[in-house]
1. Is it true that some residue in the range B:50-72 is closer than 28 Å to residue B:177 by Cβ and touching a helix residue (DSSP H, G or I) at 6+ places or on another chain (Cβ under 7 Å)?
2. Which pairs have Cβ atoms under 7 Å, sit 6 or more apart or on different chains, and link a residue in the range A:43-65 that is at the interface with another protein chain (Cβ under 7 Å from one of its Cβ atoms) and touching a residue at least 24 places away in the same chain (Cβ under 8 Å) to one that is part of a loop (DSSP other than H, G, I, E, B) and among the basic types (Lys, Arg)?
3. Could you list, in sequence order, all residues of the range A:192-230 that are charged (D, E, K, R), closer than 19 Å to residue A:172 by Cα and in a loop (DSSP other than H, G, I, E, B)?
4. On the given criteria, is residue A:105 buried (at least 23 other Cβ atoms within 10 Å of the Cβ), on the phi < 0 side of the Ramachandran plot and away from every other protein chain (no Cβ under 12 Å)?
5. Would it be correct to say that residue B:233 is among the β-branched types (Val, Ile, Thr), modelled with pLDDT of 95 or more and in contact with a strand residue (DSSP E or B) (Cβ under 6 Å, 6 or more places away or on another chain)?
6. Being assigned to a helix (DSSP H, G or I) and more than 8 Å from chain A (Cβ to nearest Cβ) is the filter here, so list the residues in the range B:240-257 that pass it.
7. Residue check, residue B:134 against (1) out of contact with any helix residue (DSSP H, G or I) (no Cβ under 6 Å at 6 or more places or on another chain); (2) within 14 Å of chain A (Cβ to nearest Cβ); (3) crowded, with 23+ Cβ neighbours inside 10 Å, all met but one. Which one?
8. Please find, among A:40, A:27, the residue that is on the phi < 0 side of the Ramachandran plot and at the interface with another protein chain (Cβ under 9 Å from one of its Cβ atoms).
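The values are calculated or read from the model by the stated rules, or taken from the named source; none is laboratory data. Only a predicted model underlies this, so the values are computations on that prediction, with no experimental measurement involved. Cβ placement follows ideal geometry from the backbone for every residue including glycine, while neighbour counts extend to all protein chains displayed.
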Number of protein chains: 2
Amino acid sequence: MSNTSRRAGNVPPSPIRKLMPFANASQKAGRKIYKINIGQPDIETPESFWNAVHKYPSKILAYGDARGLPEYTAELIKYYASAGIDTAAEEMIVTTGGSESIVFAMMVVADPGDEIIAFEPFYPNYNGYAAMADVKIVPVTTRPEDGYHLPPLAEIEAKITPKTKAILICSPNNPTGTVLTKAEMETIAKIAEKHDLFVISDEVYREFIYEGTHTSVLHIPAMKDRAILLDSISKRFSACGARLGCLICKNKTVIDAVWRLAQARLCPPTLEQIGATAVLKELNAGYFADMSEEYRRRRDAAFEEVSKIEGAFCMKPSGAFYMMVTLPIDDVEVFAKWMLTDFESNGETTMVAPGPGFYATKGKGANEARLAYVLREKDLRRAIQILGEGVKAYNHR
Amino acid sequence: MSNTSRRAGNVPPSPIRKLMPFANASQKAGRKIYKINIGQPDIETPESFWNAVHKYPSKILAYGDARGLPEYTAELIKYYASAGIDTAAEEMIVTTGGSESIVFAMMVVADPGDEIIAFEPFYPNYNGYAAMADVKIVPVTTRPEDGYHLPPLAEIEAKITPKTKAILICSPNNPTGTVLTKAEMETIAKIAEKHDLFVISDEVYREFIYEGTHTSVLHIPAMKDRAILLDSISKRFSACGARLGCLICKNKTVIDAVWRLAQARLCPPTLEQIGATAVLKELNAGYFADMSEEYRRRRDAAFEEVSKIEGAFCMKPSGAFYMMVTLPIDDVEVFAKWMLTDFESNGETTMVAPGPGFYATKGKGANEARLAYVLREKDLRRAIQILGEGVKAYNHR
């Protein structure tokens, strides 16, 4: 029988979702599970989105523009201006989720076999996108004790080869919550300049900032021609199922290539653009501040509860809605599964995302876990208290 | 400045859309354009789709299942059963448009540099998908005088090399309207078996059949483990902007790889699956018959009008809503542009898709054009009459 491709073999299953069968069995057995393993916010999608979708008067759901609906890109340009990012319609392609923007960026900067530097721990789906584009992600390790900030310059440059085409960054970061400082962004700019690399910047958590400010790749003038900004409305507007993202680049060769890729797949979904246009048009001045405040409270609560777990370690993260916690556990993959199959506290347990899935280097992350603080404060506290009980019970089992 | 990838350079702009600037200028100048250049149906999306979307009660647009919403796949299984295709949830992945299903299929069967056989003229976006997957489409030419049916076996086998991984077919065909016979499908099966190839079958026009019957790749038992069925609701339910397709394969290794790719991009859009589920649930027994009847009338009208153009040639196509017409024109690219910039008949003109964009072999299709009969009969007749007037005027200019 004919074989599937080598590339197909390289696509990893989602490490975040591989515990699902155990979670389902646990739920069937009557247990309540606090799911802080994935980044599905519990915040409602803005009413303006639903109103626009519910009232959409068209009778034919026709193809939209491959670049995105003009009325949507017009609103996006204003949104980016409010974030200090100056852009224009011809520098922007609306994509089907942030996912598509990453795949397009990788395909445009790199050929099969080429390399892209990424700082681990990183969002595991990057591995899937890299497999699609058949490019190699070369990890540079960041450390819990540094709050997952950039390692010394030399450690980054040591990984650059003639095949390196880009540096991929994510700030505020998934899974660590770390926000890169302006100085760090300038370091990245310097490396990119020196080694002639593109900088692919995943900024989907832009508004989720609890200390300091966000520096976009497009806030650094020196990066102008090298910067590829990736974005998504999934988290910002709690619309993960909308599959609406965008890619912005001021480099004409890049954006022209992305546009040709975009033409091949015809267009991003139309209805969601109608909804998202309304959201941006009617955006309340306090929307992001309120959301940010809610998540700051959750972060503080989560951090406080994690601090009570004996032997656990975590630097307080400044953004996104994740924290990477070092646990006094030898193999967190086994532990996370055990939490679902063997542990309960008054009929409840907690599901976390094991650390190794976020590392490309084998053996890394064995005692780390990602917590997503996407539950209300009370549930979140209870979830992490249960995690603490589980850690104790696991080590005394 | 850092360079974009070789692959990026291989992604062609859409040849169907490259006349757009001239069409826009012509419209601005006050001309009415009959657009029979693209396959955007004028039929309304079923009311059940809109009702479901307008009433969707959820407050959070959350991630759906990477395979598709279970309630949607359940309806798809019944739909395929009604088309004589026996399938199951574990053999199916809902995709973001038919586009994504093609990209996934190519990535899973072929590695960069591998080859996939396709019969030209073919849907030009296949070139874009092939560029994304970095695979090479090797064309086998079909001929107007054969009604674009398969050439002799030897011509197909002559193109097979050790790098060939699959044969890509499309029936009913875009751009020719040709429907492969059961005997032709069995020929494909034999070649696939002999050379150990996958068969990727684009069947998005399944219900658009005016003579004979449709043979699906999954109607051929011998293909069971080699067949990858690609589909989309874009044309069938006049929902091009929904971006909803699917991929079906009974080969476990293939479907497992597609599932891993699907996990990386998280999920197809949720709202459209809600709409499409309702469409399938409430599908009126006569829906496809009525639609098919409407398009059959249009095909007959279009064919009749084309027959009146002196020197034009076309075999009456049996399916889809396209016909490939041979015109008494030396360079149809120049002619199609001229129709927009220099020609008018009572303030009106017609826009067609030039043939060369549908061929991979340089120089082919110079006297062919694709007509999409997606207008009401009266408009369609007028559009083709104008085309005939244009041909005459062009040759006497």
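1. Taking every residue of the range B:50-72 in turn, none turns out to be closer than 28 Å to residue B:177 by Cβ and touching a helix residue (DSSP H, G or I) at 6+ places or on another chain (Cβ under 7 Å).
2. Close Cβ pairs (under 7 Å, with a partner that is part of a loop (DSSP other than H, G, I, E, B) and among the basic types (Lys, Arg)) amount to A:44/B:59; A:45/B:59.
3. Those that are charged (D, E, K, R), closer than 19 Å to residue A:172 by Cα and in a loop (DSSP other than H, G, I, E, B): A:203, A:206, A:207, A:211.
4. In short, no.
5. Considered against the rule, which asks whether it is among the β-branched types (Val, Ile, Thr), modelled with pLDDT of 95 or more and in contact with a strand residue (DSSP E or B) (Cβ under 6 Å, 6 or more places away or on another chain), residue B:233 comes out as no.
6. Answer for the range B:240-257, where residues must be assigned to a helix (DSSP H, G or I) and more than 8 Å from chain A (Cβ to nearest Cβ): B:252, B:255, B:256.
7. Checking residue B:134 against (1) out of contact with any helix residue (DSSP H, G or I) (no Cβ under 6 Å at 6 or more places or on another chain); (2) within 14 Å of chain A (Cβ to nearest Cβ); (3) crowded, with 23+ Cβ neighbours inside 10 Å, the one that fails is (1).
8. Exactly one of A:40, A:27 is on the phi < 0 side of the Ramachandran plot and at the interface with another protein chain (Cβ under 9 Å from one of its Cβ atoms), namely A:40.
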